[in-house]
Amino acid sequence: MLILGINTVADACEAALVRGDTVVAELSEPMQQGHDARLAPVVEKLMLESGTAFAQLDRIAIVVGPGSFTGVRVGVAFARGLALSLDKPAVGVTSLEALDTLPRQGHVLALLPAKRRPPERTWWGQLIAEGRGVAEPFEVGLSDLQSLASGVDTICGGLADLPDLGRAVMAAVPTAKAAALFAARLSGDDLPPPRPVYVREPDATPMRPVGS
């Protein structure tokens with residue numbers, strides 16, 4: 001099974017090709033904005049350099065968030081459109097399920113720093129069991145981290161500024177490769193839809209009409 005993985009939720013535009021448990025090719029361009037302009041060229045370059053035709057794909061895995069609001073929208077829209085044109089399934093993988101060193105055994109608290117202005121410190125989190133999310137992602141502050149950590153075996157993800165929670169920790173970031181490997185393990189009748197996961201509303205607010 002050949003799977004194209006796409007990740008645009010953070011400061012990079014990534015694509016990867018996976019066949020079963022083997023990574024065929026991967027490509028990443030660091031960027032903080034401009035995913036909409038670069039995603040199609042990155043995917044096209046990956047396919048050309050690997051000698052792969054789009055018709056050969058069996059699934060498309062897309063990291064659906066939480067993460068950059070614009071990046072999530074760009075990635076999901078692209079994956080949906082490509083899947084529709086190829087008549088192939090698109091698989092939604094959360095940013096926490098797409099962590100590159102996520103353990104596939106045991107209970108894991110997956111965490112990534114949420115982008116907030118100081119002095120607020122929050123994390124995006126998801127409870128993972130046997131390599132898959134058992135509930136929707138959430139946002140959590142320092143005060144609730146300890147109780148969440150008490151029920152898991154391992155903490156995995158973005159660990160910068162994370163306090164000591166008394167559990168083993170593993171540093172990890174979401175990647176297109178990990179998303180594709182995740183999708184490769186799923187049965188055909190158990191494919192999560194490519195639905196954006198935002199966790200919270202975007203920081204930006206609509207402009208008010210003049211005079212209001």
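Check PRO137, PRO192 and return the single one that is out of contact with any helix residue (DSSP H, G or I) (no Cβ under 6 Å at 6 or more places or on another chain) and closer than 15 Å to VAL9 by Cβ. Outline the logic, then answer.
Details: PRO192 fails: closer than 15 Å to VAL9 by Cβ.
When all the criteria are applied, what remains is PRO137.
Can you work out which of the residues in the stretch 187-209 that are in contact with a strand residue (DSSP E or B) (Cβ under 7 Å, 6 or more places away or on another chain) and modelled with pLDDT of 95 or more is farthest from VAL140 (Cα to Cα)?
At the first step, the residues of the stretch 187-209 found to be in contact with a strand residue (DSSP E or B) (Cβ under 7 Å, 6 or more places away or on another chain) are 191-195, 199-200.
Keeping just the survivors that are modelled with pLDDT of 95 or more gives 191-195.
Details: LEU191: 27, PRO192: 24, PRO193: 25, PRO194: 24, ARG195: 21 Å.
Per the stated criteria, the residue is LEU191.
Hey, among LEU102, LEU109, which residue is in a loop (DSSP other than H, G, I, E, B) and surrounded by 14 or more Cβ atoms within 10 Å (Cβ to Cβ)?
LEU102
Any idea which of GLY158, GLY71 is under 16 Å from GLY5 (Cα atoms), open to solvent by less than 60 Å² (accessible area, probe 1.4 Å) and either in contact with a helix residue (DSSP H, G or I) (Cβ under 9 Å, 6 or more places away or on another chain) or touching a residue at least 40 places away in the same chain (Cβ under 8 Å) (or both)? Explain how you work it out, then say what you get.
Working: GLY158 fails: under 16 Å from GLY5 (Cα atoms).
That would be GLY71, the only listed residue that is under 16 Å from GLY5 (Cα atoms), open to solvent by less than 60 Å² (accessible area, probe 1.4 Å) and either in contact with a helix residue (DSSP H, G or I) (Cβ under 9 Å, 6 or more places away or on another chain) or touching a residue at least 40 places away in the same chain (Cβ under 8 Å) (or both).
Does the stretch 86-99 hold any residues that are surrounded by fewer than 24 Cβ atoms within 10 Å (Cβ to Cβ) and among the small types (Gly, Ala, Ser), and which are they?
The one that is surrounded by fewer than 24 Cβ atoms within 10 Å (Cβ to Cβ) and among the small types (Gly, Ala, Ser): GLY92.
Would you please name the residue that is nearest to PRO192 (Cα to Cα), looking only at residues in the stretch 132-149 that are open to solvent by less than 70 Å² (accessible area, probe 1.4 Å) and of a type in the set (Gly, Ala, Ser)?
Among residues in the stretch 132-149 that are open to solvent by less than 70 Å² (accessible area, probe 1.4 Å) and of a type in the set (Gly, Ala, Ser), the one nearest to PRO192 (Cα to Cα) is GLY133.
I need every pair where a residue in the stretch 184-206 that is within 20 Å of ALA16 (Cα to Cα) has its Cβ under 6 Å from the Cβ of a residue that is part of a loop (DSSP other than H, G, I, E, B) and at pLDDT below 75, sequence separation at least 6 or different chains.
none
Identify, by number, the condition in (1) acidic (Asp, Glu); (2) touching a helix residue (DSSP H, G or I) at 6+ places or on another chain (Cβ under 8 Å); (3) at pLDDT 95 or above that GLU49 doesn't meet.
(2)
Quick one: would you say THR52 is over 30 Å from LYS115 (Cβ atoms), β-branched (Val, Ile, Thr) and touching a residue at least 12 places away in the same chain (Cβ under 8 Å)? Reasoning before the result, please.
Working: over 30 Å from LYS115 (Cβ atoms): yes; β-branched (Val, Ile, Thr): yes; touching a residue at least 12 places away in the same chain (Cβ under 8 Å): yes.
Yes; evaluated as a whole, the condition is true for this residue.
Out of curiosity, is ASP164 open to solvent by 60 Å² or more (accessible area, probe 1.4 Å), at pLDDT below 95 and over 17 Å from GLY20 (Cα atoms)? Break it down stepwise before answering.
On the way: open to solvent by 60 Å² or more (accessible area, probe 1.4 Å): yes; at pLDDT below 95: yes; over 17 Å from GLY20 (Cα atoms): yes.
Judged against the criteria, ASP164 is a match.
The values are calculated or read from the model by the stated rules, or taken from the named source; none is laboratory data. Predicted model, so just to flag it, every value in this text is computed and none were measured. Because the Cβ atoms are built from the backbone with ideal geometry, glycine has one as well, and the counts that use them run over all protein chains shown. Ligands, DNA and RNA are stripped out before the accessible areas are found, and what is left, the full protein with its side chains, is counted by its heavy atoms. Shrake-Rupley method; radii C 1.70, N 1.55, O 1.52, S 1.80 Å.
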